[in-house]
Amino acid sequence: MKLGFASCLLIALVILTGCEGSYRTQVIVGTLELPSGGTGVVHVSILNPPDVQMIQVGPVGFLTFNPGVIQVTGLTGVNGFTVFGSTINNTMGWVQFVASFPGGSIRPILAAGLGVLEIPIIEMAVQAVGAVGTQTALTITAVDLFTDRVGQPIPIGPPIAGQVVIIAP
């Protein structure tokens, strides 16, 4: 009888949290529509953030894009994050970066019924260089390091890609 109760409890937990964890922390890249020649900002955000202090994409991981569609002109930290280092390669179409929350960490807002929480941490400035109708995926191939305020690694789900679409002015 105890085994049956434990099995029911396990099934209930799987249903509530999902097999992969419905509320798992992930890094998400935003989407943007730009007129040809225009400039804009794409956000890199943390979905369902725990107590995060640092994120690093590189030397293994990349944020990739089609350099015939956009060029990246800069990275800026937001919401308490600072970009401490970045490499932008507009010839090959990739970016690597290290960003941190100096002296603390971003903490999730606790509110009943809030649901999924997305907090931008980086603004990536881009310029549209492609023709109207072209688009590029913005894909993070791997997050090399993602830590809490005491430097412990935080497990995350696969990054969620974004995109930029070039539209008519």
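The values are calculated or read from the model by the stated rules, or taken from the named source; none is laboratory data. This structure is a prediction, so every number in the text was calculated from the model and none was measured. Ideal geometry is used to build each Cβ from the backbone, glycine not excepted, and the neighbour counts take in all protein chains shown.
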Residue, modelled with the lowest pLDDT, within segment 139-162, restricted to residues that are over 16 Å from residue 96 (Cβ atoms), of a type outside the set (Ser, Thr, Tyr) and surrounded by 14 or more Cβ atoms within 10 Å (Cβ to Cβ) = 149
So which pairs qualify, if the first residue must be in segment 140-169 and farther than 21 Å from residue 126 by Cα, the second must be of a type in the set (Asp, Glu) and modelled with pLDDT under 95, the Cβ gap must be under 9 Å, and the two must be at least 6 apart or on different chains?
-> 148/51; 149/51; 150/51; 154/51; 154/148; 157/20
Test result for residue 77, among the small types (Gly, Ala, Ser), within 14 Å of the chain's Cα centre (by Cα) and at pLDDT 90 or above = yes
Residue check, residue 131 surrounded by fewer than 16 Cβ atoms within 10 Å (Cβ to Cβ) and modelled with pLDDT under 95 = no
Of the residues that sit in segment 50-71 and are of a type in the set (A, V, I, L, M), touching a Gly at 6+ places or on another chain (Cβ under 9 Å) and assigned to a strand (DSSP E or B), which one is surrounded by the most Cβ atoms within 10 Å (Cβ to Cβ)?
-> 70
Is it fair to say residue 123 is modelled with pLDDT under 95 and in contact with a His (Cβ under 9 Å, 6 or more places away or on another chain)?
-> no
Identify, by number, the condition in (1) at pLDDT 95 or above; (2) loosely packed, with under 13 Cβ neighbours inside 10 Å; (3) in a loop (DSSP other than H, G, I, E, B) that residue 85 doesn't meet.
-> (3)
